[in-house]
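Okay, so here's the structure we're looking at.
The values are calculated or read from the model by the stated rules, or taken from the named source; none is laboratory data. Keep in mind it's a predicted model, so treat the numbers as computed, not measured. Here the Cβ is made from the backbone with ideal geometry for all residues, glycine too, and neighbour counts use every protein chain on show.
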Amino acid sequence: MQAFIALFRGINVGGNNILPMKELVCVLEALGMQNVETYIQSGNVIFRSKVVDTALLARKIGAAIKKSHGFEPQVLLLDSTALNKAIEANPYPDAEATPSTLHVNFLAAIPHEPDLEALERIRAKSERFHLAGDVLYLHAPDGIGRSKLAASMERLLGVPLTSRNWNTVRKLQKMLALE
């Protein structure tokens with residue numbers, strides 16, 4: 001069995017796509033996942049599975065949630081290697097001192113034609129970003145709530161993404177190591 005991290009996009013946000021974590025655990029266990037653990041309500045799950053095809057597994061999870069809860073969230077699956085690689089490749093180690101300002105954006109695929117020039121034009125002077133394959137790092141010291149860059153990343157990259165702050169990324173790494 002292999003350990004995975006499932007990152008769910010757009011659940012339990014603004015009263016939409018409500019999926020309590022206890023119910024999510026039940027859905028995953030019904031699919032045969034083992035050692036299922038969640039972290040915060042925004043959809044971070046560690047589990048073990050015999051199925052190692054991440055695309056197939058993500059589709060199965062999404063379909064099961066649609067059947068049980070009436071909506072199909074985007075599910076991005078990572079293994080420990082991918083998570084550790086993203087952590088080790090952080091281009092902004094100085095930002096780790098304020099981990100809520102450092103965001104790791106996991107992309108559904110490597111962008112074919114990202115508009116990095118447009119991203120550069122709309123970023124605030126305090127912001128920094130770096131695209132590395134299927135991960136985009138964003139350091140936003142003033143927060144991402146009003147960031148034009150954060151709001152436009154997905155459109156300008158041309159691929160779906162889900163974002164986690166550095167605190168969450170490191171917590172998931174610790175949970176996976178204990179797995």
Of the residues in segment 123-165, those that are under 16 Å from residue 107 (Cα atoms) and not small (Gly, Ala, Ser) number 20
- Can we say residue 68 is assigned to a loop (DSSP other than H, G, I, E, B) and of a type in the set (Gly, Ala, Ser)? no
The lone condition residue 7 fails out of (1) closer than 21 Å to residue 163 by Cβ; (2) part of a loop (DSSP other than H, G, I, E, B) is (2)
Within segment 9-55, residues being under 19 Å from residue 81 (Cα atoms) and touching a Gly at 6+ places or on another chain (Cβ under 6 Å) number 0
In segment 82-91, anything surrounded by 16 or more Cβ atoms within 10 Å (Cβ to Cβ) and outside any helix (DSSP H, G or I) is listed as 90
Only unsatisfied item for residue 79, checking (1) within 26 Å of residue 170 (Cβ to Cβ); (2) loosely packed, with under 14 Cβ neighbours inside 10 Å; (3) at pLDDT below 95; (4) among the acidic types (Asp, Glu), is (2)
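Go over the candidates 48, 59 one by one and state the one that is out of contact with any His (no Cβ under 6 Å at 6 or more places or on another chain) and surrounded by 14 or more Cβ atoms within 10 Å (Cβ to Cβ). Break it down into steps so the answer makes sense when it comes.
Details: 59 fails: surrounded by 14 or more Cβ atoms within 10 Å (Cβ to Cβ).
Matching residue, one of 48, 59: 48.
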Within segment 144-179, residues being within 24 Å of residue 113 (Cα to Cα), touching a strand residue (DSSP E or B) at 6+ places or on another chain (Cβ under 7 Å) and assigned to a helix (DSSP H, G or I) number 5
Within segment 66-97, the count of residues that are among the polar types (S, T, N, Q) and closer than 24 Å to residue 154 by Cβ comes to 2
- Query: Does segment 98-108 contain at least one residue that is modelled with pLDDT under 95, in a loop (DSSP other than H, G, I, E, B) and more than 20 Å from residue 158 (Cα to Cα)?
  - Reply: no
